[in-house]
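Structure first, commentary second.
What follows draws every value from the coordinates through simple rules; no lab data is involved. Since the structure is predicted, the reported quantities are computational estimates derived from the model, not experimental observations. Note that we place each Cβ from the backbone using ideal geometry, even for glycine, and neighbour counts take in every protein chain shown.
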Amino acid sequence: RRSYEYIEVSEPRPGVGQITLNRPKALNALCTPLITELNTALHTFQTTPTIAAIILTGSARAFAAGADIKEMAPLSFSTAYTTAFIESWSDLTTSLKKPLIAAVSGHALGGGCELALMADILYCTATANFGQPEIKLGTVPGAGGSQRLTRAVGKSRAMELILTGKSFSGVEAERWGVAARVFDSHEALMEGALQTAETIAGYSRVAVQAAKEVVNKSQDLGLRDGVEYERRVFHALFGSQDQKIGMRAFAEKKKAEWSHE
Ligand code: CAA
């Protein structure tokens, strides 16, 4: 296995890959080498056939305190523009086909909040500290926060959060639909994330990938095109073995033994 400087990689349960951000001295600030490692680890899980679901987490104190302010401070417009600074972060959302669960404890600020919002499912602790404080640094969110947070919480609330830089708690995140579930402790959070990942890993890989694909299309397409897209994928799955296996198992009152084909 490859060794990393800023992240840890493990397989805590069958079919489940976990990436733990591990740059404690900087509260997991997302410097470029960390993002490069994260993309490499995600790509490795994507291409490992035994891995079916992925968890992304940090420490109890910090998921990630944002992009690395010390790295960004001296950047010029031309350097940021010509090196497409931050653009590689979205490799996460564009090339990863397997479900990604973000398990957020502690600070998830700026780019940390945006990274969590890129996940397919977001779980957090009640005391998690989310926010887009870029305005306080004289800038704006740069990793999709103005778009994904607005889709998640609506315009007025997103405007308030981004214009004031005020943070919001894990309890609020769950109430507003940013998080799917909220937990009382970091331990309970990790157990909840692992159980969900295991549940997903127990299904047909083909159906799981298709499910992720159709839900994500809802973020890009209008309703009519989205429903049509979904129906095309639904029809296509009648060409899979697992659709036959799953429906036959139901009729025979047996547990489906997926072929993943
Ligand atoms: N970048 C670089 N270093 C950071 C950092 C960041 N985003 N966040 C924390 N650190 C470093 C601190 O500089 C400090 O390092 P030193 O010990 O060398 O001084 C160390 O991590 C611990 O941090 P604090 O001493 O500040 O810890 P705290 O518990 O007192 O405060 C905090 C925690 C409230 C999260 C505070 O660290 C903080 O406000 N961090 C910055 C949050 C922020 O503004 N994030 C947005 C960044 S901009 C962005 O992300 C752009 C984008 O959209 C892509």
Once you have the Kirkwood Rh of segment 28-87 from its Cα pairs, apply Stokes-Einstein at 10 °C and 1.306 mPa s and quote D in µm²/s. 117
Amide H neighbours of Ala62 at under 5 Å, excluding residues fewer than 5 places away on the same chain, with H built from the backbone geometry, are His107
Scattering curve values for segment 187-244, log₁₀ I(q)/I(0), Debye with Cα scatterers, q = 0.16, 0.30, 0.31 Å⁻¹: -0.62, -1.11, -1.14
In terms of the ratio Rg/(2.2 N^0.38 Å) built on C-alpha atoms, what value belongs to segment 150-259? 1.43
For Leu221, which sequence-distant residues (separation of 5 or more, or a different chain) have an amide H within less than 5 Å of its own amide H, given hydrogens modelled in the peptide plane? none
Out-of-range pairs (alpha-carbon distance over 30 Å; input Lys98/Lys255; Lys70/Lys98; Lys217/Lys253; Lys25/Lys97; Lys97/Lys244): Lys70/Lys98; Lys217/Lys253; Lys25/Lys97
Take segment 134-207, drop everything but the C-alpha atoms, weight them equally and run the Debye formula without solvent; then report log10 I(q)/I(0) at 0.12, 0.17, 0.27 Å⁻¹ to two decimals. -0.49, -0.80, -1.15
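Viscosity 0.890 mPa s, temperature 25 °C: what is the translational diffusion coefficient of the chain from Stokes-Einstein with a Kirkwood Rh over Cα pairs, rounded to a whole number of µm²/s?
Working: Rh = 19.3 Å.
My calculation gives 127 µm²/s for D.
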Log10 I(q)/I(0) at q = 0.11 Å⁻¹ for segment 1-107, from Debye over equal alpha-carbon scatterers, is -0.36
Read phi for every residue in segment 56-72 and hand back ³J(HN,Hα) as whole Hz from Karplus 6.51 cos²θ - 1.76 cosθ + 1.60, θ = phi - 60°, with x for Gly and Pro. 10, 9, x, 9, 5, 7, 8, 6, 6, 8, x, 4, 7, 5, 5, 6, 6
Residue-by-residue Karplus 3J(HN,Hα) for segment 29-44, coefficients 6.51, -1.76, 1.60, Hz, glycine and proline x: 3, 8, 6, 4, x, 5, 5, 4, 5, 4, 5, 5, 5, 5, 4, 5
Ordered by residue, what ³J(HN,Hα) values in Hz, to whole numbers, does segment 10-20 give under the Karplus form 6.51 cos²θ - 1.76 cosθ + 1.60, where θ = phi - 60° and Gly and Pro are x? 8, 10, x, 9, x, x, 10, x, 10, 10, 10
Expressed as a percent, the portion of alpha-carbon pairs in segment 54-169 spaced more than 25 Å apart is 20
Check Val104: other-chain or 5+ apart residues with amide H under 5 Å from its amide H, H built from backbone geometry? Tyr123, Cys124, Thr125
One finds the C-alpha centres of segment 126-157 and segment 90-122 to be spaced, in Å, by 13
Qualifying trypsin sites (Lys or Arg not before Pro) in segment 198-261, DSSP loop, other Cβ atoms within 10 Å at most 14: Lys253, Lys254, Lys255
